[in-house]
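As structure tokens, the structure follows; a few thoughts come after it.
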Amino acid sequence: MGGPASLATRFRSYGRERVPRTGGLVVAFNHFHWIDIPVFGWSSPRTLYFLAKAEAHAVPLGGAYIRLFGSFSVRRGESDREAVRRMREVVRGGEALGIFAEGTRQKAGVPGPVQPGAAMVALQEDVPVVCAAIHGSQSWKPGNFAPVSVAWGEPMRFEGLPGGAKGYREASALIEAELHRLWAWLRDLHEAGRPRGAEPPRLPGGAAPVTLP
């Protein structure tokens, strides 16, 4: 399904070589549209196991569609220990966990506040986070072929941050800043005609890059 989605969105990806090819990993995305799931899956060099809200899984056709991409559910707004356990198991098993970091689609067309889920898993399991921002899908509709692009950030670790709520807040703030920065870069890139070969911005101070295996 990712191939047709990439054609329908005139998709371009920037920086995917930054994604570590092995080891547990959290991938934090912003989210505008249902098309984001197959687009991110197509762009990623690794298989992604997506976390999605339980309401999306309950939709008869849509739920089956997102499960094709390895999605599993979480009860938004509740303490869902089973979902947290599964999220941790994914990265502990050396796989890549995909999380829409804001928790829901952003209808305003710009990235929103980041929830603590991505940071929590990364800190508890001591794995890196890669941020990946999407732009253009907020304008995409079937048949309009609006261009969509993804920018991949460098791997981040949060060494030295405390465990618990304080550490989750601080790490979430860094993830939010990185998603907004990558999205703003994509926005400007679209305005410049989306030149091929452009490189997303490097990681600023505040979170240490990790060496790619």
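The values are calculated or read from the model by the stated rules, or taken from the named source; none is laboratory data. Because the structure is a prediction, the values reported are computed rather than measured. Cβ: placed from backbone, ideal geometry, glycine included. Neighbour counts: every protein chain shown. Surface areas here come from the heavy atoms of the whole protein model, side chains and all, with no ligands, DNA or RNA. Shrake-Rupley method; radii C 1.70, N 1.55, O 1.52, S 1.80 Å.
Looking at Glu170, Glu178, which one is more than 18 Å from Arg10 (Cβ to Cβ), buried (at least 23 other Cβ atoms within 10 Å of the Cβ) and not β-branched (Val, Ile, Thr)?
Only one candidate passes the filter, namely Glu178.
If we keep just the residues of the range 129-164 that are farther than 30 Å from Phe11 by Cα and open to solvent by less than 60 Å² (accessible area, probe 1.4 Å), which is modelled with the lowest pLDDT?
In this case the residue turns out to be Pro162.
For the range 160-178, does any single residue satisfy the condition of being of a type in the set (Phe, Trp, Tyr) and either within 22 Å of Arg46 (Cβ to Cβ) or in contact with a strand residue (DSSP E or B) (Cβ under 6 Å, 6 or more places away or on another chain) (or both)?
Among the residues of the range 160-178, not one is of a type in the set (Phe, Trp, Tyr) and either within 22 Å of Arg46 (Cβ to Cβ) or in contact with a strand residue (DSSP E or B) (Cβ under 6 Å, 6 or more places away or on another chain) (or both), which makes the answer no.
With the checklist (1) open to solvent by 30 Å² or more (accessible area, probe 1.4 Å); (2) within 24 Å of Gln124 (Cβ to Cβ); (3) among the hydroxyl-bearing types (Ser, Thr, Tyr); (4) at pLDDT 75 or above in hand, flag the one item Ser13 doesn't pass.
Unmet condition: (2).
Could you run through the range 175-205 and say how many residues are in a loop (DSSP other than H, G, I, E, B) and among the aliphatic types (A, V, I, L, M)?
Of the residues in the range 175-205, 3 are in a loop (DSSP other than H, G, I, E, B) and among the aliphatic types (A, V, I, L, M).
Yes/no per residue for (1) in a loop (DSSP other than H, G, I, E, B); (2) surrounded by 14 or more Cβ atoms within 10 Å (Cβ to Cβ):
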site: Arg85; (1), (2): no, no
site: Val90; (1), (2): no, yes
site: Ile99; (1), (2): no, yes
site: Gly112; (1), (2): yes, yes
site: Gln115; (1), (2): yes, yes
site: Leu123; (1), (2): no, yes
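For the range 9-32, name all the residues that are over 17 Å from Ile99 (Cβ atoms) and out of contact with any Gly (no Cβ under 8 Å at 6 or more places or on another chain).
Correct list: Arg10, Phe11, Arg12, Ser13, Tyr14, Arg16, Glu17, Arg21.
Quick test for you: out of Arg194, Arg187, pick the one residue that is open to solvent by 70 Å² or more (accessible area, probe 1.4 Å) and either modelled with pLDDT under 95 or over 24 Å from Thr22 (Cα atoms) (or both).
None of the other options fit; the residue is Arg187.
Let's see how each residue does on (1) open to solvent by 20 Å² or more (accessible area, probe 1.4 Å); (2) modelled with pLDDT of 95 or more; (3) not hydroxyl-bearing (Ser, Thr, Tyr):
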site: Gly2; (1), (2), (3): no, no, yes
site: Ala5; (1), (2), (3): no, no, yes
site: Thr9; (1), (2), (3): no, no, no
site: Gly23; (1), (2), (3): yes, yes, yes
site: Ile37; (1), (2), (3): no, no, yes
site: Phe50; (1), (2), (3): no, no, yes
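Looking at this structure, is Pro113 at pLDDT 95 or above and under 25 Å from Thr47 (Cα atoms)?
No.
Here are the criteria: (1) more than 24 Å from Arg12 (Cβ to Cβ); (2) in contact with a Pro (Cβ under 6 Å, 6 or more places away or on another chain). Tell me which single one Met87 does not satisfy.
(2)
State yes or no: is Ser172 in a loop (DSSP other than H, G, I, E, B) and out of contact with any Leu (no Cβ under 9 Å at 6 or more places or on another chain)?
no
With respect to Phe69, is the statement that it is at pLDDT below 75, in contact with a Pro (Cβ under 9 Å, 6 or more places away or on another chain) and either crowded, with 16+ Cβ neighbours inside 10 Å or closer than 27 Å to Ser139 by Cα (or both) true?
The answer is yes for Phe69.
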